[in-house]
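For reference, the structure is listed below as structure tokens.
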Amino acid sequence: MLRLFTLVLNLLTTISLSGQQIKIITELESQQSTYQEIAFKIWKWAELGYQEEKSSALLKKTLSDAGFSIQANVAKIPTAFIAEYGSGQPIIAILAEYDALPGISQKAIPTRDPLIKGGSGHACGHHLFGTASVAAGIAIKNWIKNNEKKGTLRVYGTPAEEGGAGKVYMVRAGLFDDVDAVLHWHPGNNNNANPGSSLANKSAKFRFYGEPSHAAGSPERGRSALDGVESMNQMVNMLREHVPQETRIHYVITKGGEAPNIVPALAEVYYYVRNPEVANVKTIFERVVKTAQGAAIGTETTMDYEIIHGLYNLLPNETLSEVMYKNLVAVGGVKYNDKEIKFAEQILDTYEGDYNIESAEEITSYSLEKRNGGGSTDVGDVSWKVPTAGMSAATWVPGTSAHTWQAVAAGGTSIGIKGMLIAAKTIALTAQDIFTDSDIIIRAKKELEERIGKNNPYKTLIGDRDPPLNYRN
């Protein structure tokens with residue numbers, strides 16, 4: 001409580017911006033049209049995980065043109081990259097995402113209307129994520145150059161956050177081993193920099209193999225792979241009663257057969273297992289595997305499974321979060337113009353709830369409560385290796401959920417761009433603080449060491465498999 005009171009008191013006395021901070025903000029504002037064009041291009045391309053060829057190329061070119069050296073195709077991932085400027089310590093990293101989601105295509109209008117029927121869309125706002133991170137990186141690069149500062153700045157291009165765990169493979173490849181601090185953000189429906197956590201997550205595709213046969217003429221000869229999938233799903237649904245209540249288990253049947261009159265020879269189901277604790281995810285996932293094994297025995301089919309991704313829970317770093325929160329308060333929130341208010345009102349009519357449009361202007365109060373979000377992120381693995389802090393900016397209309405057409409729509413308008421610039425400014429100012437004050441990194445690293453402890457080392461959940469570059473196929 002005393003620490004929180006001290007933080008608030010410090011904010012009240014340090015809310016004014018320095019001349020260098022104002023210069024960084026002014027530079028970012030002057031480049032708004034450039035970054036808007038980049039973001040909207042990526043929004044329109046809406047490339048899925050590990051397929052972000054055009055999006056990755058555009059961000060790499062933007063950074064290269066600004067004076068960064070580019071290391072492409074890192075960690076055996078064609079669309080992953082590291083852009084670097086400067087030399088020596090400290091080494092500060094900014095994360096950039098740019099993958100879209102399948103099946104949520106939407107025009108930038110406040111009524112449901114897909115841009116491409118059945119197409120993908122940026123329902124998690126990663127077009128804004130990647131662009132803001134690049135913008136912040138270039139602004140800090142210019143500050144380093146103009147002020148002859150020592151240190152190294154990196155922008156990490158991290159593909160396939162949505163189920164592909166791109167960052168996990170980059171962590172496993174040792175690409176973060178020498179980094180001192182990591183900054184990231186995410187689009188959202190409010191502005192906050194609270195040190196919250198996320199759910200650990202492990203996923204796999206379970207494939208059942210049966211014997212095809214004519215379903216009417218000779219059903220006795222068939223062994224249905226789909227029966228295997230459905231039996232597994234039934235057992236998992238009974239398992240839900242006997243797992244910790246914070247657990248989340250989701251599945252979709254990705255292959256179910258070819259025709260009703262053919263006993264399916266192949267069926268596949270895709271599972272996610274989530275819990276706030278990595279140890280629980282490991283245990284529950286093994287129980288899910290047992291249901292698959294039992295289903296195969298009972299239906300006289302065979303089964304194998306492919307681990308797609310495994311994510312650790314996010315370890316928030318309060319030391320870095322306090323710095324980021326201070327800068328977010330200084331930058332401020334999103335103020336809508338008349339056109340944006342009209343758009344927002346129409347969006348609000350599409351879902352239930354009492355939400356205040358003006359809340360996009362507010363900064364959520366800082367809280368030290370270790371709140372677990374309902375989702376998962378591969379930033380979690382990064383945070384177990386390097387002190388990490390993140391924030392959210394109001395790129396969507398208040399009340400909008402991620403992974404919805406409403407999020408895609410707002411992300412294709414000036415509302416999304418305004419939130420994107422808030423994130424770019426906040427991350428740039430936070431990076432500047434870390435480069436300027438070496439004590440921040442010392443305290444942040446000590447906090448991470450204490451949080452993990454000596455008996456709880458990081459060990460990836462994905463084993464030695466290669467990145468699943470075709471997991472969306």
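The values are calculated or read from the model by the stated rules, or taken from the named source; none is laboratory data. Nothing here was measured: the structure is a model prediction, and the numbers come from that model. Methodologically, a virtual Cβ is constructed for each residue, glycine included, from the backbone with ideal geometry; neighbour enumeration extends over all protein chains shown.
Looking for something surrounded by fewer than 19 Cβ atoms within 10 Å (Cβ to Cβ) and in a helix (DSSP H, G or I) - is there at least one such residue anywhere in segment 361-374? The answer is yes; a qualifying residue exists. Residue under question is Gly353, and the condition is that it be over 30 Å from Asp177 (Cβ atoms) and modelled with pLDDT under 95; does it hold? So Gly353 fits the description; yes. Could you tell me whether any residue of segment 229-245 is within 27 Å of Leu315 (Cβ to Cβ) and touching a residue at least 12 places away in the same chain (Cβ under 8 Å)? Yes - at least one qualifying residue is present in segment 229-245. Within segment 302-317, the set of residues being closer than 30 Å to Ala267 by Cα and either of a type in the set (Gly, Ala, Ser) or not in a strand (DSSP E or B) (or both) comprises Gly310, Tyr312. Candidates are the residues of segment 158-180 that are charged (D, E, K, R) and within 18 Å of Glu53 (Cα to Cα); the one that is surrounded by the most Cβ atoms within 10 Å (Cβ to Cβ) is Lys167. Could you please find all residues in segment 211-258 being part of a helix (DSSP H, G or I), of a type outside the set (D, E, K, R) and surrounded by fewer than 16 Cβ atoms within 10 Å (Cβ to Cβ)? Matches in segment 211-258: Pro219, Gln234, Asn237, Met238, His242. Can you find a residue in segment 166-173 that is outside any helix (DSSP H, G or I), under 25 Å from Ala100 (Cα atoms), assigned by TED's automatic domain parsing to the domain that holds Ile307 and at pLDDT 95 or above? No - not one qualifying residue is present in segment 166-173. When you look at Gly353, is it surrounded by 14 or more Cβ atoms within 10 Å (Cβ to Cβ), at positive phi and of a type outside the set (Phe, Trp, Tyr), yes or no? Criteria not met by Gly353. Thr302 fulfils the conditions (1) in the same structural domain as Ile417 (by TED's automatic domain parsing); (2) farther than 15 Å from Asn194 by Cα; (3) in contact (Cβ under 8 Å) with a residue 40 or more places away in the chain except for a single criterion, (1). For the condition in contact with a helix residue (DSSP H, G or I) (Cβ under 7 Å, 6 or more places away or on another chain) and closer than 30 Å to Thr460 by Cα, Thr426 does not qualify. Mind listing whichever residues of segment 431-473 are buried (at least 16 other Cβ atoms within 10 Å of the Cβ), in contact with a strand residue (DSSP E or B) (Cβ under 7 Å, 6 or more places away or on another chain) and not hydroxyl-bearing (Ser, Thr, Tyr)? Ala431, Ile434, Phe435, Ile441, Ala444, Leu461, Ile462, Pro468, listed by residue number. Selection of first residues in segment 425-449 that are within 11 Å of Ile92 (Cβ to Cβ) and of second residues that are basic (Lys, Arg), restricted to Cβ pairs under 6 Å at least 6 apart or on distinct chains, gives the following pairs, ordered by first then second residue: Phe435/Lys149.
Can you tell me how many residues in segment 120-153 are of a type outside the set (Val, Ile, Thr), within 19 Å of Val382 (Cα to Cα) and surrounded by fewer than 24 Cβ atoms within 10 Å (Cβ to Cβ)? Within segment 120-153, residues that are of a type outside the set (Val, Ile, Thr), within 19 Å of Val382 (Cα to Cα) and surrounded by fewer than 24 Cβ atoms within 10 Å (Cβ to Cβ) number 0. Of everything in segment 318-341 that's touching a Phe, Trp or Tyr at 6+ places or on another chain (Cβ under 9 Å) and either acidic (Asp, Glu) or farther than 15 Å from Ala193 by Cα (or both), which residue is surrounded by the most Cβ atoms within 10 Å (Cβ to Cβ)? If we take residues in segment 318-341 being touching a Phe, Trp or Tyr at 6+ places or on another chain (Cβ under 9 Å) and either acidic (Asp, Glu) or farther than 15 Å from Ala193 by Cα (or both), then Glu322 is surrounded by the most Cβ atoms within 10 Å (Cβ to Cβ).
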